[in-house]
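Step one of this worksheet: look at the structure below.
The values are calculated or read from the model by the stated rules, or taken from the named source; none is laboratory data. The structure presented is a predicted model; accordingly, all values stated were derived computationally and were not measured. FYI the Cβ positions are ideal-geometry reconstructions off the backbone, even for glycines, and counts take in every protein chain you see.
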Amino acid sequence: MLDKLALTFAATYGHNAKQIVRAPGRVNLIGEHTDYNEGFVLPCAIEYHTLVAVSPRDDNAVHTLALDCDGETDQFFLDQPIEFFKEKMWANYVRGVASEMLARGLAITGCNIAITGDVPQGAGLSSSAALEVAVGRAFASNANIRLSGLELAKIGQDAENNFVGCNCGIMDQLVSACGQAGHALGIDCRDYTFLQVPVPDDLAIVMINTNVKRGLIDSEYNTRRQQCEAAAQYFSVPALRDVSLDLFNRERHALPPLLAKRAQHILEENERTLQAYEALEAYDLPRLSQLMAASHRSMKDLFEITTPEVDFLVDAISHVLGDQAGVRMTGGGFGGCVVVLAPGARVNDVIQTVKNCYFAETGIKETIYLTKPCAGESRIG
Ligand code: GLA
């Protein structure tokens, strides 16, 4: 992948890249839709990356080549208004990051860029966050600008919120920027502090892509966020993070039933996530298994973001592995991946279970990925 990127870059632009950076996708172990409610999440970076090669230009233009989108290209100027590009969605992540960096007064400069990677797209494993973080680092390093991982993550999130139009939280970009090898990050999404929670070496992380992509993901996602914000308003607090379960249970009748369901998911998911930090630290797999099962049920029944295919897989795997594995949907929802935390010795059982039943039930072929928690964004050449 790296060699192909370097060679294609040189063939396209007539010189070698000055720098190559990479940023990983992520899998979230627990804490779903809690980030934009200023709550808690427990993701880790995965061993699948977006790579960005960059070199300076003499003018103020940005030329971009996307190796994995049939070699499509894009061009825009940093000293002219940067517009949304309806026909090439991938280009908006680059444009959005440039636009946010300029809005912050960061003096980024013209450059040639080439992009490739192996983060599965549309799988709920944050290929877009990986792209934003890698592109942000590439722009910064091309202009000799120093940026912390947190700043980089916020630029990526703002690009997504303000330019792309998805009102996502900070989780994906933050773990892509700041992930730690061998650890999950217990992030407090109010103040962006994080705990590094070791993931025992013996524990495997398996991601099973249902290969179901539903339309309207962004609009459903944004609706969930609005519903959470509306619920917070009932309690006159800035975010659902500020509502205790006691208060909620006393006053939930005052909320429209749909908002009460959404809020209940968030409040209980925060509690589960904090408990999962401890369970993972203690390598208490039966406890993790319970917490992840409860998280999945809540995403299905209260937050209503799962699909029949995702639910089917979670049931099938839980049925075989019982409390010897944690199983739940991961990511924003409406398709995407199931994550399984299981002892390395049980990985084959997970794979066999899926192979035996998923296609037979749904007529869709799954894709399976394995990972260890890996480090966040870095320069590799
Ligand atoms: C998407 C968003 C994140 C987060 C998750 C759900 O991945 O980008 O900010 O809200 O969904 O937990």
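Do you know which residues across region 260-293 are of a type in the set (Gly, Ala, Ser) and farther than 17 Å from Asp201 by Cα?
Ala260, Ala263, Ala276, Ser289, Ala293
Sort out which residues of region 174-206 are under 23 Å from Ile368 (Cα atoms) and part of a helix (DSSP H, G or I), and write them in order of number.
Val175, Ser176
Which condition breaks for Gly105 when tested against (1) within 16 Å of the ligand (Cβ to nearest atom); (2) out of contact with any Asp or Glu (no Cβ under 9 Å at 6 or more places or on another chain)?
Only one criterion in (1) within 16 Å of the ligand (Cβ to nearest atom); (2) out of contact with any Asp or Glu (no Cβ under 9 Å at 6 or more places or on another chain) is unmet by Gly105, namely (1).
Filter region 150-171 down to residues that are away from the ligand (no atom under 12 Å from the Cβ) and among the charged types (D, E, K, R) and give me whichever is nearest to Val62 (Cα to Cα).
Only one residue tops the list, namely Asp158.
I'd like the full set of residues that are in a helix (DSSP H, G or I) and charged (D, E, K, R), limited to region 119-156.
Those that are in a helix (DSSP H, G or I) and charged (D, E, K, R): Glu132, Arg137, Glu151, Lys154.
Looking at region 310-318, can you tell me whether even one residue there is outside any loop (DSSP other than H, G, I, E, B) and hydroxyl-bearing (Ser, Thr, Tyr)?
The answer is yes; a qualifying residue exists.
Which of the strands (runs of 3 or more DSSP E) found entirely inside region 1-82 contain at least 3 residues meeting this: within 16 Å of the ligand (Cβ to nearest atom)?
Correct list: 19-28, 43-56.
For Val133, indicate whether it is farther than 26 Å from Glu281 by Cβ, in contact with a Ser or Thr (Cβ under 7 Å, 6 or more places away or on another chain) and either within 13 Å of the ligand (Cβ to nearest atom) or charged (D, E, K, R) (or both).
yes
Inside region 180-202, can you point out the residues that are among the hydrophobic types (A, V, I, L, M, F, W, C) and surrounded by fewer than 19 Cβ atoms within 10 Å (Cβ to Cβ)?
Ala181, Leu195
Take region 203-218 and flag every residue that is surrounded by fewer than 19 Cβ atoms within 10 Å (Cβ to Cβ) and modelled with pLDDT of 95 or more.
Passing the criteria: only Asn211.
Among (1) crowded, with 16+ Cβ neighbours inside 10 Å; (2) touching a His at 6+ places or on another chain (Cβ under 9 Å), which single condition is Tyr234 missing?
Evaluating Tyr234 over (1) crowded, with 16+ Cβ neighbours inside 10 Å; (2) touching a His at 6+ places or on another chain (Cβ under 9 Å) leaves (2) as the failure.
Quick test for you: out of Leu185, Leu147, Leu174, pick the one residue that is without any contact (Cβ under 8 Å) to a residue 60 or more places away in the chain, within 15 Å of the ligand (Cβ to nearest atom) and in contact with a helix residue (DSSP H, G or I) (Cβ under 8 Å, 6 or more places away or on another chain).
Being without any contact (Cβ under 8 Å) to a residue 60 or more places away in the chain, within 15 Å of the ligand (Cβ to nearest atom) and in contact with a helix residue (DSSP H, G or I) (Cβ under 8 Å, 6 or more places away or on another chain) holds for just one of Leu185, Leu147, Leu174, which is Leu174.
For the list (1) in a helix (DSSP H, G or I); (2) in contact with a strand residue (DSSP E or B) (Cβ under 8 Å, 6 or more places away or on another chain); (3) of a type in the set (Val, Ile, Thr), I need the number of the one condition that Val338 fails.
(1) is the only condition that Val338 fails.
Is it the case that Gly124 is within 14 Å of the ligand (Cβ to nearest atom), at positive phi and touching a helix residue (DSSP H, G or I) at 6+ places or on another chain (Cβ under 7 Å)?
no
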